[in-house]
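I have placed the structure first, in the form of structure tokens, so that the comments after it can refer back to it.
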Amino acid sequence: MRNILSIALIFIALHSFGQLSQGGFPLELPRLKSLSYTDKVVSLPYFNIDSIDEEDFESEFKSLKFAHSFHVSLRPEDSGTWYHTADYNIWQLEISSPGAFSLNVIFSTYHVPDGSRLFVFDPQKQTILGAFTSFNNKEFNKLAIFPLPGDRLIIQYEEPVDADFKGQLEVGEVNHDYKGFFSKNNRWDRRISEWCNVDVNCEFQSGTELQRRAVCRIIAGDELGTGTLVNNVSNDGKPYLVSALHVFDNEEGATTALFDFNYESPFCTGLNGSDIQSVSGSFARASFDSLDFILVELGEYPPSTFRPYLAGWDATPVPPSNSNTIHHPNGDTKKISHDDGKCDSIHFNTASLRYSHWRVANWETGSTQGGSSGAPLFNKDKRVCGTLSGGAASCEKPSYDLFARFDKMWNYRKEKNKHLRSWLDPQNKGVLRIDGFDPFSSSSDRCDVISNFQVEDSAVVVSISGKENYLTGTNREHITQVAEVFDGFSEATISGFSIGIAQLALTSRNPELNVRIYTGDSLPFYDEKIFKFSMRSLTEKAINYLEFPQPVDVKGKFFISIDIPSTDSLVLYQSKMRPFVGKNSLLVLQNYEWKKASDLLPASNQGTSLLMQVVLCGTVESPPDTALNGNDLFIAYPNPASEFLIVEFENREPSHEIWLYDRLGRLILNDCFENRMYTELVVSDLSPGIYLLRVSNGSVSKTRSIAIR
């Protein structure tokens, strides 16, 4: 039986893009009439990579040079080719740097009129960045573009014939990636940080979930580093960010830096994450080279879908103990390192101030590398007390890292542009310690992430029978769609989702991935929206983030379905099959009928989930439970809860075991209760969001969504 009812379809084709932009596609240019036909490719000259690698090795800092910079002056007036249509004048410029893994361009001049659009893409249009518009105009008239995979790129600028003024554009810098960090084909194999480094989402009980959201990767032209959003005493949400000055080279470098948020593996699976959430440019507010720090204010506010958090800080001279750092070693996904000891004070080098830095004598977990520069040192109270300048720590010898002291940055120099106090305590209240701040915590735009993938799960692919016959991918069983179910939410919107792709082999000319949003009571029924994504923008053996062009409204139960292509090969990651008490959230459409994934396997009482994480925005609270109905095992109330959560059991069994998982499937609490009808859980210390509460009496297990606010 075909149990799908299509009532409204929206067909939208998408390519991935790497920073804040307006989306869309560049105008197609069949051979149009040329205004000034030059049609030349700008080829950049050869350079000696070996000598650059030697320079990198000699550096005492822990930033990471990954590209060679070419300083150029390429303008519409004297480079590229102009075309015109009835509505637009179109400038196109192609740049080539043979052997580059990726190229990133910096517009030393960028100021365009309303209605104009700028795109950057590869010749095959596998990846399209943009559209960049007047929305991206800034005071400093500059724009940095996220690295584009490959050694050739095309810039296309489209200006309305009736524009208010002629756009001002100049490409001033092209950076040739010789490390391979941004090569699409190698993205799954770019986990190149040292073996001892730990993914942030493998730290299940470290309590740094909020602080992680404050940390970002910095792409400063040809260098990589780490930075941290910080709060200010006014709690006004200004997007200040602190890092190491040497990452930017100088204050001018802040205007063309990219700040890359949420570049992490969403699960503790060893898979690489997506790096598509970034903002371009910032205003340098304060810096001092003898302390190697810089405070910038982002030129674009990270949207709620980035889930930014402004970290707290401590400007007292108290040496931190039990500290940790969150960082991007060697440009890798976000990692965390722990020091159980107490820091002492030391100077960084002969040019620095005396006792300017906190010294981490030894990391008990993890280490740091190039690319970690600027990373925050969090004390035991989860406040920033320093930023990484450099050191000698490595996995072989995880000792001796030096962090510039926050208290020295605070007011050592009295000039406003050389200290933090005037910016982070603008009213001079004398506050030296503050907690962090979530700028969207009370907003209707607040976003959270949810997943059915649990903390104990591992990512696998499951064969039904024989080779090339997968439960969640290319198969011979007439499975045409796989879907993940999410339940227990009041009105919210989906902005996008992450999906683990295990295998990808493309043969079609323009392969597209169909993503559907269903509603229904128990099975997908109403096929409400279809989105089409270019499969050439996807990467196998990695987590891929797919963002919808506009938020999708959902309520209650909803399903996210992915079509299995008929001509191209695609296999998605799922969790390893769980025992019968495990929750099943994966459905498959076989011969037009939806079934539980486990129904196709010999042990049909097992459960599994797709490796999928959804970004929900708006009101995402669970509807409250009302009463036990004889089959519920337990109820939990109040739901949402803020201080206490009462769990009421259906019967006085010999024992009940409780597990509480956060939205990423990490275990927060596990306890057993004997001969009890109810228990009371303290939840006041938990971060706001959605949690999964699982209860078992030894023979039956039930799981419910719990909202904490």
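The values are calculated or read from the model by the stated rules, or taken from the named source; none is laboratory data. Everything numeric here is computed off the predicted structure, so don't read it as measured data. Methodologically, a virtual Cβ is constructed for each residue, glycine included, from the backbone with ideal geometry; neighbour enumeration extends over all protein chains shown.
Residues of region 74-92 that are within 35 Å of the chain's Cα centre (by Cα), under 19 Å from ASN141 (Cβ atoms) and not aromatic (Phe, Trp, Tyr): LEU74, ARG75, PRO76. At least 2 residues being modelled with pLDDT under 75 is the threshold, and among the strands (runs of 3 or more DSSP E) wholly inside region 630-709 those reaching it are 689-696, 701-708. Take the conditions β-branched (Val, Ile, Thr) and free of Cβ contacts under 8 Å to residues at least 60 places away in the same chain and apply them to VAL279. Does it pass? Answer is no for this residue.
Checking each residue in region 310-334 for being over 29 Å from PHE548 (Cα atoms), out of contact with any helix residue (DSSP H, G or I) (no Cβ under 9 Å at 6 or more places or on another chain) and buried (at least 24 other Cβ atoms within 10 Å of the Cβ) picks out PRO320, SER323, THR325, PRO329. Meeting the requirement of 2 or more residues that are assigned by TED's automatic domain parsing to the domain that holds LEU420 and of a type in the set (A, V, I, L, M), the strands (runs of 3 or more DSSP E) wholly within region 292-393 are 293-298, 383-391.
Residue pairs whose Cβ atoms lie under 7 Å apart, separated by 6 or more positions or on different chains, with the first residue in region 508-520 and within 20 Å of PHE559 (Cβ to Cβ) and among the basic types (Lys, Arg) and the second modelled with pLDDT of 90 or more and buried (at least 21 other Cβ atoms within 10 Å of the Cβ), are ARG516/SER561. Screening ASP56 with (1) in contact with a Leu (Cβ under 9 Å, 6 or more places away or on another chain); (2) modelled with pLDDT of 95 or more gives one miss only, at (2).
Screening region 255-309 for residues that are of a type in the set (Phe, Trp, Tyr) and under 26 Å from GLU194 (Cβ atoms) and picking the one that is surrounded by the fewest Cβ atoms within 10 Å (Cβ to Cβ) gives TYR263. Per the listing GLU77, GLU94, the residue uniquely at pLDDT 95 or above, out of contact with any strand residue (DSSP E or B) (no Cβ under 8 Å at 6 or more places or on another chain) and of a type in the set (Asp, Glu) is GLU77. None of CYS196, CYS202, CYS216, CYS268 is touching a Pro at 6+ places or on another chain (Cβ under 9 Å) and within 22 Å of GLU364 (Cα to Cα) except CYS196.
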